Amino acid sequence: MNFEDFDAGYVRFRFKLRTKVRQRVWRKLAKLLKDGIPMIAGLEEIRGLRRPKAAESIAIGEWIRSLENGAKLADAVRTWVSTEEYMLIMAGEQSGTLADTLASVVTVAKAKSQIQGAVIGGIAYPAFILILAFVMLYYFGFKIIPAFTKVARGDSWTGVARVMIDLSVFVRAWLPALIVGFCAGVVAFFYSLPNWNSPVRVALDRFAPYSIYRVMQGSSWLIALAALVQAGVRLEVAIQQLGDGASAWARVRMDGALAGLRSGRNLGDSLERTGFEFPDREINADIRVYSTKSGFQEALRLIGNEWITESVERIQSLMGVVFIVTMLVVGGFILFLVAGLMGMMLQLAQIMQRSAI
């Protein structure tokens, strides 16, 4: 990989992180398209309002070049946006309602941003306290407690002080492995979100943090599916097209729905019979009711929008609980270390007094 490839990858990474910037781009592009401005001209106008070296200017410039070479917008932006945004833009282009669909892109992106904000807000301070706990473990295990044991023999300590000495031995032996294991676990978790499929994953998808991923993928899928069906695309073909651009996790669930449709069942029954509870058990029951009614595609879109709004509120409440529980656990552990240190100091004073007699 040369430097130019690295630089382009870095710009894409920056642009993907800037959710609010993308929301502004989609909102303005939707307005320009509704006013009859051609796609490329609209993008040129949006780019003209940005600094030339800004990530969004570079991104829009790449999109324009792709469009001039005959690519569709979805293909042009695919490596620059999230999977949810790509699916919706692709559906909007195929349905001929791109301007309206871009409004859904903004809705999904805004909800995703709110969810991310709730998650980050819920774990940021507990994560800081957790790091502080690791630092305290290091100093207690490698510095403070060994200094006490140099003054008095290990068999002189009892009670909480004895526990602290045992903890010091454990920390010196296992703390590096614990830190490496923790970091590896975080990496494995984020890799597992779009890739892991198993019966265990189906169970975990009912609970945070995996349920958060299911909500974002499921609501985006419903809105995109509604746009394709509204454009006259057959339901089976629409699901297959969305599956082509989806993650491995989502593709397995869409393939299960396709198998049910090909067996003659309606969409709600097909989703329920997969056993994946995708996009959601209650949502599938609603889809089963609407599958036989007129206005099915509009019902799908409304279900998707309502579900993502409700999910944001639910996840914000959930992260509040996570914040409190984490603070109690980690705070309690830090208090235990402090209390243990005070206990060791009292015992050391008693040992020194007995030695002086």
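The values are calculated or read from the model by the stated rules, or taken from the named source; none is laboratory data. Note that this is a predicted model, so its numbers are computed, not measured. Note: ideal-geometry Cβ built from the backbone for every residue, glycine included; neighbour counts use all protein chains shown.
Taking the numbered list (1) buried (at least 18 other Cβ atoms within 10 Å of the Cβ); (2) touching a Pro at 6+ places or on another chain (Cβ under 7 Å) in turn, F323 passes all entries but (1). Does G304 qualify as being surrounded by fewer than 12 Cβ atoms within 10 Å (Cβ to Cβ), within 33 Å of the chain's Cα centre (by Cα) and of a type outside the set (K, R)? It is false that G304 is surrounded by fewer than 12 Cβ atoms within 10 Å (Cβ to Cβ), within 33 Å of the chain's Cα centre (by Cα) and of a type outside the set (K, R).
Of all residues in region 213-240, those that are closer than 19 Å to V105 by Cβ, β-branched (V, I, T) and assigned to a helix (DSSP H, G or I) total 3.
Assess whether I283 counts as being within 18 Å of S220 (Cβ to Cβ), in contact (Cβ under 8 Å) with a residue 40 or more places away in the chain and part of a helix (DSSP H, G or I). Answer is yes for this residue. Just one of the numbered conditions (1) modelled with pLDDT of 80 or more; (2) under 23 Å from the mean Cα position of the chain (by Cα); (3) part of a helix (DSSP H, G or I) is not true of R314: (1). For the structure I just gave you, tell me whether L43 is free of Cβ contacts under 8 Å to residues at least 60 places away in the same chain, surrounded by 18 or more Cβ atoms within 10 Å (Cβ to Cβ), closer than 23 Å to T97 by Cβ and not small (G, A, S). It is true that L43 is free of Cβ contacts under 8 Å to residues at least 60 places away in the same chain, surrounded by 18 or more Cβ atoms within 10 Å (Cβ to Cβ), closer than 23 Å to T97 by Cβ and not small (G, A, S). If you go through region 80-105 and keep only what is crowded, with 20+ Cβ neighbours inside 10 Å and either within 23 Å of L193 (Cα to Cα) or in the same structural domain as F13 (by TED's automatic domain parsing) (or both), you end up with W80, V81, E84, E85, Y86, M87, L88, I89, M90, V105. Among the residues examined, D75 does not qualify as surrounded by fewer than 14 Cβ atoms within 10 Å (Cβ to Cβ) and either in contact (Cβ under 8 Å) with a residue 12 or more places away in the chain or of a type in the set (D, E) (or both).
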